[in-house]
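The values are calculated or read from the model by the stated rules, or taken from the named source; none is laboratory data. Quantities reported herein were computed from a predicted structural model and do not represent experimental measurements. Glycine also receives a Cβ, built like all others from the backbone with ideal geometry; neighbour counts cover every protein chain displayed.
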Amino acid sequence: MKIAVTGKGGVGKTTLASLLAYAFAGEGRQVLAIDADPAPSLGAALGFPEALLRKLRPIAEMEEFIAERTGQSPDETGGYVRLNPRVDDIPERFSAEHRGIRLLQLGAVERGGSGCICGRSALLKALIGHVLLDPGQVVLLDFYAGVEHLGRATADSVDAMLVLAEPTARSMAIARQIRDLARDIHLDRLFLVGSKIERDSDRDFIVERSPGLPVLGFLSFDPEVRESDRAGLPAYDLSARLAGETRAILDALRRELDFERASSEAGTTAG
Ligand SMILES: Nc1ncnc2c1ncn2[C@@H]1O[C@H](COP(=O)(O)OP(=O)(O)OP(=O)(O)O)[C@@H](O)[C@H]1O
Ligand SMILES: [Mg+2]
């Protein structure tokens, strides 16, 4: 299963990615958590020990390594770039592991539209493509708002993109923008998850304002998220409520994907 998490700044993407990582790890699955935020914070949310995080370097910052693999130094803009650099050894070599969860930090990826085919961007694209195509593992991608860094080919290998939204008009507006961007790259397995829910009217607001996306479930507003941050522990450990809500979201996702698979198979036989 490959899941990307996106949504407006500060909605709780990293928190959800960490909750999902522990939900999958609890099922005994191998989890690769990818922090695609230029300001990494997934490791802390996962409760990785600081000493382990200090040793971890974002792939985008390994200039010599990028140059060696792509034939172009990261700040060059022209010239020759190998578009299929070797990346298969990267997760093993450059990730840290804690409680069965492997963490990889990507670092700053160029935003789309600049037309720049830099070595760094080529390497990260190839890396995302590689991990998404690897069948054996659960991959969780913690993004910032936007989907430009998911190319068309890699978008095909994401089982689901979870758009996280708080019950605010602005958060729902961003969800709509993300949906439009996703459509541009033909990513249609897009689902909404409500975040920081305090009352029934919050749930209603999200369902009513959903930009046509199925709502998988809701995460409560829970002060334990802040407590877990202070304690350097995963929210999954401190909040039984959020852990339960996350497992329910995962169940709902599996039902949606099974349903979609069944309908497309039925469509194939009918046609
Ligand atoms: N369910 C929740 N209940 C209470 N507080 C939460 C919850 N989820 C997230 N928060 C708080 O909201 C803030 C942002 O959370 P988080 O870092 O997970 O969001 P994000 O979407 O990844 O942010 P960014 O866009 O900066 O990457 C944090 O202070 C976190 O403690
Ligand atoms: Mg984040």
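Observations, loosely collected:
- Residues of the stretch 170-202 satisfying the condition of being at positive phi and exposed (fewer than 14 other Cβ atoms within 10 Å of the Cβ): His186
- Among the criteria (1) farther than 23 Å from Gly100 by Cβ; (2) at pLDDT 90 or above; (3) part of a loop (DSSP other than H, G, I, E, B); (4) in contact with a Gly (Cβ under 9 Å, 6 or more places away or on another chain), the one Gly47 does not fulfil is (1).
- Going through (1) surrounded by fewer than 22 Cβ atoms within 10 Å (Cβ to Cβ); (2) modelled with pLDDT of 95 or more one by one, Leu140 falls short only on (1).
- Matching residues, the stretch 50-66, being part of a loop (DSSP other than H, G, I, E, B) and closer than 18 Å to Asp142 by Cα: Leu56, Arg57, Pro58
- Taking the stretch 172-271 and the helices (runs of 4 or more DSSP H) fully enclosed by it, the elements with 2 or more residues that are of a type in the set (S, T, N, Q) and without any contact (Cβ under 8 Å) to a residue 12 or more places away in the chain are at 240-270.
- For the stretch 10-42, a residue qualifies if it is free of Cβ contacts under 8 Å to residues at least 60 places away in the same chain and within 16 Å of ligand 2 (Cβ to nearest atom), and the qualifying residues are Gly10, Ala39, Ser41.
- Taking the listed residues Ile197, Ile206, the one that is β-branched (Val, Ile, Thr), over 20 Å from Phe24 (Cα atoms) and within 12 Å of ligand 1 (Cβ to nearest atom) is Ile197, with no other qualifying.
- So Ala266, is it modelled with pLDDT of 95 or more, surrounded by fewer than 12 Cβ atoms within 10 Å (Cβ to Cβ) and more than 15 Å from Lys13 (Cα to Cα): no
- Where a residue in the stretch 119-146 is closer than 18 Å to Glu92 by Cβ and part of a helix (DSSP H, G or I) and its partner, wherever it lies, is among the basic types (Lys, Arg) and modelled with pLDDT of 85 or more, with Cβ under 7 Å and at least six apart: Leu123/Arg69; Leu132/Lys2
- Residue match in the stretch 46-68 (condition: touching a Ser or Thr at 6+ places or on another chain (Cβ under 7 Å) and crowded, with 21+ Cβ neighbours inside 10 Å): yes
- Any hit, the stretch 222-239, residues being within 16 Å of ligand 1 (Cβ to nearest atom), in contact with a Phe, Trp or Tyr (Cβ under 7 Å, 6 or more places away or on another chain) and not acidic (Asp, Glu): yes
- Within the stretch 25-40, if we keep just the residues that are assigned to a loop (DSSP other than H, G, I, E, B) and touching a strand residue (DSSP E or B) at 6+ places or on another chain (Cβ under 7 Å), the residue that is nearest to ligand 1 (Cβ to nearest atom) turns out to be Asp37.
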